[in-house]
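Below is one structure, written out as structure tokens; the observations come after it.
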Amino acid sequence: MRAISETLSTLIIASTVIVVSLLIFYMSITLINDQMATSEYGYIKSMFVEIANNYHLILQGNNYVSAKPHRHVGVGYKLYTGRWYIIKYNTTIPEYIDHIVVKISLEDPTGTAYSGPNYYVVNIYLYLVNREILNVHWKLIDNLGLTEPAATIIDYIYFRNGSSIQIFDVSSGDATPLVTLPYQVTLYPGDQIHVLMNDNYNDNNYGDGAFPIEFTSQGFRSYSSCYEGGGFFHNTSVIITNLNNSASGGFSHYKPANTGVYYTIDYVNLLFYSGISYSITDDTGTETGRINNIHTDLYHIVIVDRKPASIDATVYKPLVTHSRVVYGNRTIAGECSFIVKDIRLIPCIHEYYLNGATHLEFDNRRFYVTIYKLGSGSQINYVVRIVYIKINPILIGTGGATFKVIPYRTIIYRKVKSINYLELIEYDSNTNSIINSKILVSEPSIPTSLVYVIRQVNVVIG
């Protein structure tokens, strides 16, 4: 019995030694892994800070390459879907139309008074700087009734660079398309179109009206006399409809039966506060008027980043207990500033703990702003310069161990003269709410210009 007891004691002691040894071994391995994870995380944190400290050199054309530990810490990117960064401004010299789209199509005349064989329709779409779209078309009431849109074609388009294109041939007294319909073309202020109209009589000559239209930065006008003829009377209207909110209005001109009339559309100008002014001159005089509440205020809206990205390092260890800024211009709320005055403060590095992982994030979601004063005495001018940097992360592969920042390239560079309002906005398009905003200029009493630069920095993770 004594031998058995000694054997059991030996086994118990041996088992205890083995268990303790295994526990110590496991704790050692765990401690080593924790230390390695902490070391890798610290290395990547110092790498991010080094990039931020040398950001001005990267934006001068240099690059950055570093070995990236990747056993415990993963490095990828994070997208902020629906987060927009916007430059909003207005100018003292109105430039309200960004571009124009003209569409010509063959339509079904059912529901109109049109009795001709081919019901062609011209639709003009004015794309405004505030992202709204205005549709312009002609409306006709004559002896046979109402046709809206009026039957219209374009025989020639004249571009501001001096070139032209023929769309319809009407030389034989019959309108023949020379392009495949529907036909669509993008135009810009300074370009011209020659619009021809057919009234509701049963023919295909499109010889009952001619409207030579030139587009301007504020709207449009006739570049020579408009003409309407034929046996029917015409009550011809130009209708303008906002496709964003369905607001609509227009103006008209009357032609008696069995006569021809000439007139000019002196201007159709968009006004900053929601309205449109117009002027028409014929042999009886000039008529001016205003169409109210067609569009909203015509600020230029430049969305410089629709889906900003950040570089994200992740380790599944509780290395931090609360969110904090590691690098950047901190605000009272403990976050990085929305606007900075040092190019090296565009990057913001912050760390936080979420869902069992510690995250270290390197992002560029802010504007760099400098304001220059030029001149002295009564000849003072200001120039506001804005730079926004877009991170473009390129994930080459998950098994590599390199991190490379490639020199920037300029995506947009624009100068704007004579601004009287300037605001920078961080906007959440998912909730239609403003997160951050800053008005830099508001109706200054001195001349102010705007220069904005949008750059892209590529980051290769391999």
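The values are calculated or read from the model by the stated rules, or taken from the named source; none is laboratory data. Because the structure is a prediction, the values reported are computed rather than measured. Cβ coordinates were reconstructed from backbone atoms using ideal geometry, including for glycine residues, and neighbour counts include every protein chain displayed. For the accessible areas, the whole protein counts, side chains as well, though only heavy atoms, and no ligand, DNA or RNA atoms are used. Shrake-Rupley method; radii C 1.70, N 1.55, O 1.52, S 1.80 Å.
Among the residues of the range 102-122, those identified as assigned to a strand (DSSP E or B) and hydrophobic (A, V, I, L, M, F, W, C) are V102, I104, L106, V121, V122. The residue pairs whose first member lies in the range 119-147 and is under 30 Å from E95 (Cα atoms), whose second member is among the basic types (K, R), and whose beta carbons are closer than 7 Å, counting only pairs six or more residues apart or on different chains, are N123/K103.
Considering the range 357-383, and only residues there that are open to solvent by 30 Å² or more (accessible area, probe 1.4 Å) and in a loop (DSSP other than H, G, I, E, B), the residue that is modelled with the highest pLDDT turns out to be R365. Out of the residues in the range 203-221 that are in contact with an Asp or Glu (Cβ under 7 Å, 6 or more places away or on another chain) and surrounded by fewer than 22 Cβ atoms within 10 Å (Cβ to Cβ), state the one that is nearest to Y299 (Cα to Cα). Out of the qualifying residues, it is S217.
Being of a type outside the set (S, T, N, Q) and not in a loop (DSSP other than H, G, I, E, B): is that true of D297 here? Break it down stepwise before answering.
Working: of a type outside the set (S, T, N, Q): yes; not in a loop (DSSP other than H, G, I, E, B): no.
Against the criterion (of a type outside the set (S, T, N, Q) and not in a loop (DSSP other than H, G, I, E, B)), D297 does not qualify.
Here is the figure for the range 328-342: residues that are open to solvent by less than 30 Å² (accessible area, probe 1.4 Å) and not in a loop (DSSP other than H, G, I, E, B) total 2. The criterion of at least 3 residues that are surrounded by fewer than 17 Cβ atoms within 10 Å (Cβ to Cβ) is met, among strands (runs of 3 or more DSSP E) falling completely within the range 384-449, by 402-416, 433-442. In the range 254-266, the residues that are in a strand (DSSP E or B) form Cβ pairs under 7 Å with partners that are of a type in the set (G, A, S) and surrounded by 13 or more Cβ atoms within 10 Å (Cβ to Cβ), at six or more places apart or across chains, as follows: Y262/S225; Y263/S225; T264/S222; T264/S225; I265/S222; D266/S279.
Against the conditions (1) surrounded by 11 or more Cβ atoms within 10 Å (Cβ to Cβ); (2) more than 17 Å from A309 (Cα to Cα), Q456 satisfies every one except (2). Every test in (1) touching an Asp or Glu at 6+ places or on another chain (Cβ under 9 Å); (2) aliphatic (A, V, I, L, M); (3) open to solvent by less than 40 Å² (accessible area, probe 1.4 Å) is passed by I265 save one, and that test is (1).
A quick yes/no check of all residues on (1) open to solvent by less than 10 Å² (accessible area, probe 1.4 Å); (2) over 30 Å from the mean Cα position of the chain (by Cα):
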residue	(1), (2)
N123	no, no
E132	no, no
I141	no, yes
T147	yes, yes
D155	no, yes
Y158	no, no
I165	no, yes
S171	no, yes
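Looking only at the range 70-101, count every residue that is outside any loop (DSSP other than H, G, I, E, B), open to solvent by less than 50 Å² (accessible area, probe 1.4 Å) and not aromatic (F, W, Y) and tell me the total. Matching residues across the range 70-101 total 13.
Please work out if T314 is within 30 Å of I51 (Cα to Cα), polar (S, T, N, Q) and surrounded by fewer than 14 Cβ atoms within 10 Å (Cβ to Cβ). Taking the combined requirement at face value, the residue does not satisfy it.
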